[in-house]
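A short worksheet on the structure shown next.
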There are 2 protein chains.
Amino acid sequence: MRNLPKVKGVKFATVEAGIKYSGRKDVFFAAFDPNTVVAGVFTKSKCSSAAVDFCRKNLKGGIARALVVNSGNANAFTGMKGEKAVELTAQIAAKQLSCDVSEVFLASTGVIGEPLDAEKFRQVLKASDLQSTPYIEPAKAIMTTDTYPKLISKTIQIGGVDIVINGIAKGAGMIAPDMATMLSFIFTDMPISADILQALLNKYIKTSFNSISIDSDTSTSDTVLVFATRQAGNSKIAPITDKKDKNAKIFGKALAEVLFDLAMMVVRDGEGASKFVKISVKGAKSNKSAKKIAFSIANSPLVKTAIAGEDANWGRVVMAIGKAGEPANRDKISIAFGSLLVAKNGEAAANYSEKAGSEYMKNNDIEIIVDVGINKGKASVYTCDLTHEYISINADYRS
Amino acid sequence: MRNLPKVKGVKFATVEAGIKYSGRKDVFFAAFDPNTVVAGVFTKSKCSSAAVDFCRKNLKGGIARALVVNSGNANAFTGMKGEKAVELTAQIAAKQLSCDVSEVFLASTGVIGEPLDAEKFRQVLKASDLQSTPYIEPAKAIMTTDTYPKLISKTIQIGGVDIVINGIAKGAGMIAPDMATMLSFIFTDMPISADILQALLNKYIKTSFNSISIDSDTSTSDTVLVFATRQAGNSKIAPITDKKDKNAKIFGKALAEVLFDLAMMVVRDGEGASKFVKISVKGAKSNKSAKKIAFSIANSPLVKTAIAGEDANWGRVVMAIGKAGEPANRDKISIAFGSLLVAKNGEAAANYSEKAGSEYMKNNDIEIIVDVGINKGKASVYTCDLTHEYISINADYRS
């Protein structure tokens, strides 16, 4: 998807600041018309980056006029220098757009621990460069180890009015439960209040970016921001200000799909991934317990290497269920690979053949379905396999 | 260490039952004189193997007369068949030694989910084969993906009497906090009661086998058993029956060293390991919090691949501290690689040079020291790096 539609009230530019990379654009500068609201969710890291701290503070205002994102340097673990870099970046952007620094949002991704020279933004952030398309450009500018730009658009009709939701994302490693070196920015013209937008984001982040894991590692900089310019329909439709509004459900569903599709693009681009893996757990004590078991399987190096080796080693799935520490009835556990029943009632299924298992593992998309035989809790998470390529990428990322 | 001394009251044989491997001994059968006490700790997996369940039950009696260990098949997740295999094995051993099945201890390691044919033990477990040495043989018989047998001995003097503590272990992958596909058996002639032996084991397992991780995966079969025949000194020294007895401290320290040394052998033999890594965390809220942070670093694939690549990527250490979810003061964190101060007060240390960092990472033994700036909690854990070789070993273990 390369030609996303315009979103009314959103303009942007991508520029080359030479922060780490050379010969490519590494900065995404977006401007929003007055009246734009914002919602956000961030990393749960206890060492969150200066930009994340800055966004958390500004999010309280609920209003956004600008977004500045750079790749190549995460400006994380840079002490006072990091905070100063964030402030200077916000000042430069605010000056260009004649807005307040409290209306500026920031994100940085790349190497941790190296000071970011924010003076470089002064030369390149220019209001005069702003345009409405094409969205492929910011999707490319925010990439680090990504192998392809990630972007998607969805248009829905509410009250006869077209509502556009565009999303971009980056991330390919350090992707774990509560997000990752994962940045995603969503732009919509939906008329909606900031609090409802935040409530919908909180709800649907759970089944999208918070249901994926590449390698169990969590970045200091994870950020998802949703900007709503509220210009669709030119006041023809009433803004959503109540979560019981039926339009909240319609818009929420579309937002959920955009978030989910972007999250799946991130998993499919997992560092070194050769296979896309869906883990579905049911029969757990609760949905939360199911998710914990599913992530225990998804993050197990032994499960992930078996998948890479196309080995139907379901014993390792049992191991990962066991180590999750959540209630599971060993003698009622069943495991299926796709539609192939592998184990039932705590032992190998009667009709299971190793040959059929091996055949299934040759697929590019693998689904592991587990029933732990306790109750009705269920959850699905998404991951990829662990390959030689992952080691190659990460053993010399900085070189 | 190949020639361990005899332990009075312990005899054993190693035999070839052809369970999975051919052309090598795969069974370790040990017999203990009457009056031998036993202590044990086991996996915390919710899907523990039939042998683990059996040992847990028998441990309540505190008395041991036999031990049967096989490699090649873990007899885990084998349902009722697994329980029957365990019972039959115990019956065969008990008959040979004229003891009760409640005095038999069992362990199995290898592939999960395949039924174990215990009839094979009937031909090979023979009281007439039992001998007092050499300990290298059982250390070899219990190996799976291990590249070398792991055994150690320590002799101490208590009241003028020589006390021998011999230990063997196996394990190279699926090694995580609360143990791993890790089996270890300790044999001593120390006069001691079962409850004190258990108390000492519970204490010192924390700083040995429960402080190591290869890949964060936990086996269904982890077992550490300590057998004390109580024959040293022929009643010349009073048995330890009170944990305040000064001999409990002396013997406990020696037991701790045996456990620690065996645990370190397991880490050094970590699947595909090219480097031995010690992670020391201090300044944490509590010792428990420090251990959680240390394991977060030790288990991070991004930290482990950086070490494999000899990349002094301390930013990933910060990431792993942050994702642990434990209290840490970002702006007071310091990180050292060995004696090289890398980061201080939440940013790169003033005198740190990338060149010195790279030079340090060329060592075979790496130490990462972290101060999280909160309180006085501290812990050390031990791990290895994550290499291409780990992927190769685990992507086709069963083939």
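Odds and ends about this structure:
- Residue tally, condition out of contact with any strand residue (DSSP E or B) (no Cβ under 6 Å at 6 or more places or on another chain) and part of a strand (DSSP E or B), over segment B:132-171: 3
- Subset of segment A:346-399 that is aromatic (Phe, Trp, Tyr) and more than 30 Å from residue B:304 (Cα to Cα) - its residue that is farthest from the other protein chains (Cβ to nearest Cβ): A:360
- Condition check for residue B:119: modelled with pLDDT of 90 or more, within 11 Å of residue B:31 (Cα to Cα) and not aliphatic (A, V, I, L, M): no
- Applying the condition of being touching a residue at least 40 places away in the same chain (Cβ under 8 Å) and surrounded by fewer than 24 Cβ atoms within 10 Å (Cβ to Cβ) to segment A:314-329 and asking which residue is nearest to residue B:49 (Cα to Cα) yields A:329.
- All told, residue B:75 meets the bar of being over 14 Å from residue B:125 (Cα atoms) and either in contact with a helix residue (DSSP H, G or I) (Cβ under 6 Å, 6 or more places away or on another chain) or more than 14 Å from chain A (Cβ to nearest Cβ) (or both).
- The set of residues in segment A:211-252 that are within 22 Å of residue A:51 (Cβ to Cβ) and free of Cβ contacts under 8 Å to residues at least 60 places away in the same chain contains only A:217.
- Note on segment B:95-120: among residues that are under 15 Å from residue B:49 (Cβ atoms) and polar (S, T, N, Q), the one that is surrounded by the most Cβ atoms within 10 Å (Cβ to Cβ) is B:108.
- For the residues A:245, A:261, the requirement of being more than 23 Å from the chain's Cα centre (by Cα) and closer than 28 Å to residue A:185 by Cα singles out A:245.
- Meets criteria (crowded, with 24+ Cβ neighbours inside 10 Å, within 9 Å of chain B (Cβ to nearest Cβ) and closer than 18 Å to residue A:384 by Cβ) for residue A:303: yes
- Once segment B:313-345 is narrowed to residues that are of a type in the set (S, T, N, Q) and more than 7 Å from chain A (Cβ to nearest Cβ), the residue that is farthest from the chain's Cα centre (by Cα) is B:329.
- Residue-level analysis places residue B:380 among those that are surrounded by fewer than 24 Cβ atoms within 10 Å (Cβ to Cβ), in contact with a Lys or Arg (Cβ under 7 Å, 6 or more places away or on another chain) and under 16 Å from residue B:279 (Cβ atoms).
- Of all residues in segment B:39-70, those satisfying the criterion of being buried (at least 24 other Cβ atoms within 10 Å of the Cβ) and within 13 Å of chain A (Cβ to nearest Cβ) are B:43, B:45, B:47, B:49, B:50, B:52.
- Scanning segment A:31-73 for residues that are part of a strand (DSSP E or B) and among the hydrophobic types (A, V, I, L, M, F, W, C) yields A:31, A:32, A:37, A:38, A:39, A:41, A:42, A:63, A:66, A:67, A:68, A:69.
- When A:291, A:344 are checked against the criterion of being charged (D, E, K, R), without any contact (Cβ under 8 Å) to a residue 24 or more places away in the chain and touching a strand residue (DSSP E or B) at 6+ places or on another chain (Cβ under 6 Å), a single residue qualifies: A:344.
- The listed residue being within 28 Å of residue A:45 (Cβ to Cβ), more than 14 Å from every other protein chain (Cβ to nearest Cβ) and aromatic (Phe, Trp, Tyr), out of A:276, A:251, A:295: A:276
- Where a residue in segment A:93-112 is under 30 Å from residue A:394 (Cβ atoms) and its partner, wherever it lies, is part of a loop (DSSP other than H, G, I, E, B) and aromatic (Phe, Trp, Tyr), with Cβ under 8 Å and at least six apart: A:112/A:77
- Exclusive hit being crowded, with 17+ Cβ neighbours inside 10 Å, of a type in the set (Ser, Thr, Tyr), over 21 Å from residue A:198 (Cβ atoms) and in contact with a Phe, Trp or Tyr (Cβ under 8 Å, 6 or more places away or on another chain), set A:36, A:14, A:78: A:14
- In the set (1) surrounded by fewer than 20 Cβ atoms within 10 Å (Cβ to Cβ); (2) assigned to a helix (DSSP H, G or I), the condition left unmet by residue B:92 is number (1).
- Of the criteria (1) at positive phi; (2) at pLDDT below 90, which one residue B:274 fails: (1)
- Residue within segment B:103-115 that is on the phi > 0 side of the Ramachandran plot and in contact with a strand residue (DSSP E or B) (Cβ under 6 Å, 6 or more places away or on another chain) present: yes
The values are calculated or read from the model by the stated rules, or taken from the named source; none is laboratory data. For clarity, every value in this text was computed on a predicted model and none was experimentally measured. Virtual Cβ from ideal backbone geometry, glycine too; neighbours counted across all protein chains shown.
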